[in-house]
1. Please check: in the Gaussian network model of the chain (C-alpha springs, under 10 Å), which one of 20, 178, 51 has the largest mean-square fluctuation.
2. What residues from the range 68-102 fall in the zone where the backbone N is under 15 Å from a label point 7 Å along the Cα-to-C-beta line of residue 226?
3. I'd like the Karplus ³J(HN,Hα) series for the range 210-216: coefficients 6.51, -1.76, 1.60, θ = phi - 60°, whole numbers in Hz, and an x wherever there's a Gly or Pro.
4. Would you mind computing, in nm to one decimal, how far apart the modelled labels at residue 179 and residue 85 are, each placed 7 Å from Cα along Cα→Cβ?
5. Once the dipole of the range 3-74 is set up with Lys and Arg at +1 and Asp and Glu at -1 on Cβ about the Cα centre, which of 71, 11, 40 lies farthest towards its positive end?
6. Highest mean first, how do 52-59, 126-133, 35-42 rank when packing is the count of other Cβ atoms within 10 Å averaged over residues?
7. Amide H neighbours of residue 70 under 5 Å, counting only residues 5+ apart in sequence or on other chains, H built in-plane at 1.01 Å?
8. Dipole of the range 58-179 (Lys/Arg Cβ +1, Asp/Glu Cβ -1, origin at the Cα centre): which of 102, 87, 124 lies farthest to the positive side?
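Just so you know, all these numbers are worked out from the coordinates, no wet-lab data involved. Keep in mind the model is a prediction, meaning the values are calculated, not measured. Note that we place each Cβ from the backbone using ideal geometry, even for glycine, and neighbour counts take in every protein chain shown.
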Amino acid sequence: MPVHCTISHEIAGQLRDDILRTQYRAGERLPSERDLAGRFNASSGAVREALSQLEHLGLIRVHPGGARVQPINAASIAILGPLMALHPVPERALVDQFLQTFSALAVLTTRNAIEKANSAELNQIAELLVVMSQNKDNFEAMQPAWRKIPDYLTEIADILVVRLIGGNLKAQFVEQMLKLGIQPDPGAASTSRLLVQMLKSINTRDGSMAAAAMQEFFDKLRTSVSRAIVDLKPALRRAAVCK
């Protein structure tokens, strides 16, 4: 990779964060290429490449007279990960929006998968659910099956838009949660109810029952994640003091 490409990514990342922090507001012009080159001690080519990356993200619009910042809500979905990483602990509202979106996608996927699945596929889902049931009191032991089920349901449902949006959101969300060490646990009771209702829905091929169970589970999950984030803030403050 050419050196200026690495520098251009660094410049783009810094300017992206500046925009997300509203140091440059919607409608404002960014500094000129010459000024940015001076700020980052970079070539004009690296700066132009960085601006091109920001334009691709939908954060700026490049005009002959310079680059103008665009509203955040007009940007690409790819900025959500950086937006979550902007602060040591992500904003609870933003995380909850992620989970609400995941919930909607999961509910749609679950309903379609149960209704579309053939007998062999339903049996495979049931086997994974049974494995989870056997380990419902051991959150760690349950994880391999828990990771497989959403992927398998997505494969069966085969909704292209859901796969594209869900995959993008999952990659950005999970990365930030892992960095923070957050492993949300909605509780054994909520998990048990999900598993029981899912197994019932498979036996009756009732997509609506499965979807309702998934919605209820995600509601509990949202509460669990919100609580984890609240608990994390004091821990990070104490860690900062100890340093």
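1. Top of the fluctuation ranking is 178.
2. Counting backbone N atoms under 15 Å from the label point, the list is 91-101.
3. Along the range 210-216, the couplings run 5, 5, 5, 5, 5, 5, 4 Hz.
4. Taking the two extended label points, one gets 0.4 nm.
5. 71
6. Ranked from most to least packed, the peptides come out as 52-59, 126-133, 35-42.
7. 27, 60, 61
8. 87
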